[in-house]
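Student: Sharing a structure, written as structure tokens. Questions coming.
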Amino acid sequence: MSNNVKKPHVSAQTIVGHIPPRLKLAQLPTPLQPLDRLSQQLGGPRIWIKRDDLTGSVLSGNKVRKLEFNLAQALAEGCDTIITCGGLQSNHCRATALLCAQLGLQCHLVLRGAEVDIPDGNLLLDRLAGAHISYFQAAQYQRELDDILAGIQTSYRDQNKKAFIIPTGASDAIGVWGYVEACAELKQDFIHHNISPKHIICATGSGGTQAGLTAGVHRYGVNAQVWGVNVCDDEAWFIKKVNRDLKDWIQRYQTGTDLESLSVKVIDGYVGAGYALAGKHIFDCIAEVASSEGIILDPVYTAKAFYGMLDQLKKGRFGDSGDIVFIHTGGVFGMFPQREQFEF
Ligand SMILES: *Cc1c(COP(=O)(O)O)cnc(C)c1O
């Protein structure tokens, strides 16, 4: 995608530290709150939660922070249509569809899965937002995604429209900015609460949130290790993907960051049966956190990561005192289509 973008005629030197165009779309800053009952119960470090599930009502979650940059870039390039992709219950696609409606842009979603008669969860919101949707079976989607996206972009060009492609999860050099800048916010949160957390934990699914946080703590001098708990694939895949996004970000924006100085760390072992497939312990974890703290996690991302964090905490990975921060990346609408998995 970066080859569509005209490079500014300035030397690298003048754009060091340059922040790209940004729209104000998320409700920021989001609260940082201690989970007192849960922390006390576990008797280890104090757990804080960054409420990025509160970045909006239907915009809930991490994607809106990234889309502030991806959509600003699309507008800067004079695009009138956005094409993006994901699973049937993609939070990213839902946020994109709603933001396109808000900005007066056309939205075309490429979804993995079969069309259903009665849409639920995120898909219902996609439909309400008026997104055009193309459905592809998993095998074809995996094999041909780039060609499918490019083909749709060409078909818009033939209609004299200019379409901008946002990749899976808005995890690319542009979207990385969302969580780089979230670190400036976290730094203020830490000053406000007078804490110095040594660990920041998030769910990682397409890598952009983890990449942004990893670069952001370095950029803003936050002395904490960022950990991504993967919800699909494995550690090796995410180390590679996050490093690629970081490399693209450094190159595209000439940030002057030394890639070697960034510490990309993944906690593997909590995927379960596969992406969006969760076991009973995950649904139990959702119910436990909901009833003890009034916070709703989702079975695809945040509950797997939260469960993984608690398990690692019990095993001593984060030490036995101090503060740790979990980034609540949203996902509430993905819970409803899995309602049958809860036992009451
Ligand atoms: C997309 C998503 C993530 C993962 O973020 P990535 O930047 O794609 O790794 C985590 N939680 C929720 C709720 C999400 O929708």
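The values are calculated or read from the model by the stated rules, or taken from the named source; none is laboratory data. A quick note: this is a predicted structure, and the numbers were derived from the prediction, not measured. Because the Cβ atoms are built from the backbone with ideal geometry, glycine has one as well, and the counts that use them run over all protein chains shown. Keep in mind that these areas ignore ligands, DNA and RNA; they rest on the heavy atoms of the full protein, side chains included. Shrake-Rupley method; radii C 1.70, N 1.55, O 1.52, S 1.80 Å.
Student: When the Karplus curve 6.51 cos²θ - 1.76 cosθ + 1.60 is applied with θ = phi - 60°, which whole-Hz ³J(HN,Hα) does each residue of the stretch 201-206 get, with x for Gly and Pro?
Tutor: 10, 9, 6, 10, x, 10
Student: Taking H as built 1.01 Å from N, whose amide H comes closer than 5 Å to the amide H of Trp48, not counting residues under 5 places away?
Tutor: Leu35, Ile324, Val325, Phe326
Student: Using a ≥ b ≥ c from the Cα gyration tensor of the stretch 25-104 (square roots of the eigenvalues), is it rounded, prolate or oblate, where a/c under 1.5 gives rounded and otherwise the larger of a/b and b/c decides, a/b for prolate?
Tutor: prolate
Student: Hey, with R₀ at 51 Å, roughly what FRET efficiency would Glu77 and Asp268 work out to, going by the Cβ-Cβ distance, to 0.05?
Tutor: Given R0 = 51 Å and the Cβ-Cβ separation, E is 0.85.
Student: With a point put 7 Å past each Cα toward its Cβ, work out how far Lys161 is from Trp237 in nm, to one decimal.
Tutor: Modelled inter-label distance: 3.1 nm.
Student: Shifting gears a bit: Among Asn91, Ala173, Ala150, which residue has its Cα furthest toward the positive end of the charge dipole of the chain, with +1 on Lys/Arg Cβ and -1 on Asp/Glu Cβ?
Tutor: The one lying farthest along the dipole's positive direction is Ala173.
Student: While we're here: Report the extension gain between Arg127 and Asp147 in nm, rounded to one decimal, defined as 0.36 nm multiplied by the number of residues separating them, less their alpha carbon distance.
Tutor: Here the answer is 4.8 nm.
Student: Let me ask another. Could you work out how far apart the two model spin labels at His192 and Arg22 are, taking each label as a point 7 Å from the Cα in the direction of the beta carbon, and quote it in nm?
Tutor: Result: 1.6 nm between the two label points.
Student: Going 7 Å from the Cα of Asp320 in the Cα-to-Cβ direction, what parts of the stretch 31-47 have a backbone nitrogen less than 20 Å from that spot?
Tutor: 38-47
Student: Still on this model: Would you mind telling me the share, in percent, of accessible area of the stretch 221-344 contributed by carbon and sulfur at probe 1.4 angstrom?
Tutor: 49
Student: Provide the FRET efficiency to the nearest 0.05 for the Asp258-Gln33 pair, computing r from the beta carbons and using R0 = 35 Å.
Tutor: Taking R0 as 35 Å, the efficiency between Asp258 and Gln33 is 0.55.
Student: Starting from the 7 Å offset along Cα-to-Cβ, what nm value, one decimal, do you get for the label separation of Gln251 and Ser134?
Tutor: Taking the simple label geometry, Gln251 and Ser134 are separated by 2.7 nm.
Student: Can you list the GluC sites (Glu not before Pro) in the stretch 284-344 that are in a DSSP coil and have 12 or fewer other beta carbons within 10 angstrom?
Tutor: When the GluC sites (Glu not before Pro) of the stretch 284-344 are filtered for loop state and at most 12 Cβ neighbours within 10 Å, Glu343 remain.
Student: State the percentage of accessible surface on the stretch 63-170 attributable to carbon and sulfur atoms; use a 1.4 Å probe and exclude ligands, DNA and RNA.
Tutor: The nonpolar share, carbon plus sulfur, comes to 50 percent.
Student: Under the rule that a partner needs its Cβ under 4.7 Å from the first Cβ, which Cys of the chain have none?
Tutor: Flagged as lacking a Cys partner: Cys79, Cys85, Cys93, Cys183, Cys202, Cys232, Cys285.
Student: Give me the three principal axis extents of the stretch 193-344 from the C-alpha atoms, as integers in angstrom, largest value leading.
Tutor: 53, 33, 25 Å, listed from the longest principal axis down.
Student: Work out from phi, with θ = phi - 60° and the Karplus expression 6.51 cos²θ - 1.76 cosθ + 1.60, the ³J(HN,Hα) of each residue of the stretch 41-52, listed in order in whole Hz, and give x for Gly and Pro.
Tutor: The phi angles translate into 4, 7, x, x, x, 7, 9, 10, 10, 8, 7, 6 Hz.
Student: Something else about it: If the label point is 7 Å along Cα→Cβ of Leu277, which residues in the stretch 231-252 have backbone nitrogen under 20 Å from it?
Tutor: 231-238
Student: How large is the dipole of the chain about the Cα centre if only Lys and Arg carry +1 and Asp and Glu carry -1, each at its Cβ, rounded to the nearest 20 debye?
Tutor: Roughly 760 debye for the chain.
Student: Using a 10 Å Cβ count of at most 11 others and DSSP loop calls, identify the longest part of the chain lacking such trypsin sites (Lys or Arg not before Pro).
Tutor: Longest site-free region, per DSSP loop and neighbour criteria: 25-314.
Student: Additional query: If the limit is 22 Å between Cα atoms, which of Lys24/Lys187; Lys24/Lys241; Lys280/Lys314 go over it?
Tutor: Lys24/Lys241
Student: Just the Kirkwood number for the chain, please: inverse of mean 1/r across all distinct Cα pairs, in Å, one decimal.
Tutor: It is 20.5 Å.
Student: Mind listing the phi-derived Karplus ³J(HN,Hα) values for the stretch 243-248, rounded to whole Hz, using 6.51, -1.76 and 1.60 with θ = phi - 60°, and x for any glycine or proline?
Tutor: Working through the residues one at a time gives 5, 5, 4, 5, 4, 4 Hz.
Student: Based on DSSP H runs of at least 4 residues, each adding -39500 (n - 2.57), what is the mean residue ellipticity at 222 nm of the chain after dividing by all its residues, to the nearest 500 deg cm²/dmol?
Tutor: -13000 deg cm²/dmol
Student: Still on this structure, I have one more. If you build the Cα gyration tensor of the stretch 63-170 and take the root of 5 times each eigenvalue, what three semi-axes come out, in whole angstrom, biggest first?
Tutor: 20, 17, 12
Student: In Å², what does the accessible area per residue of the stretch 63-170 work out to with a 1.4 Å probe?
Tutor: Spelled out: the 1.4 Å probe surface of the stretch 63-170, per residue, equals 41 Å².
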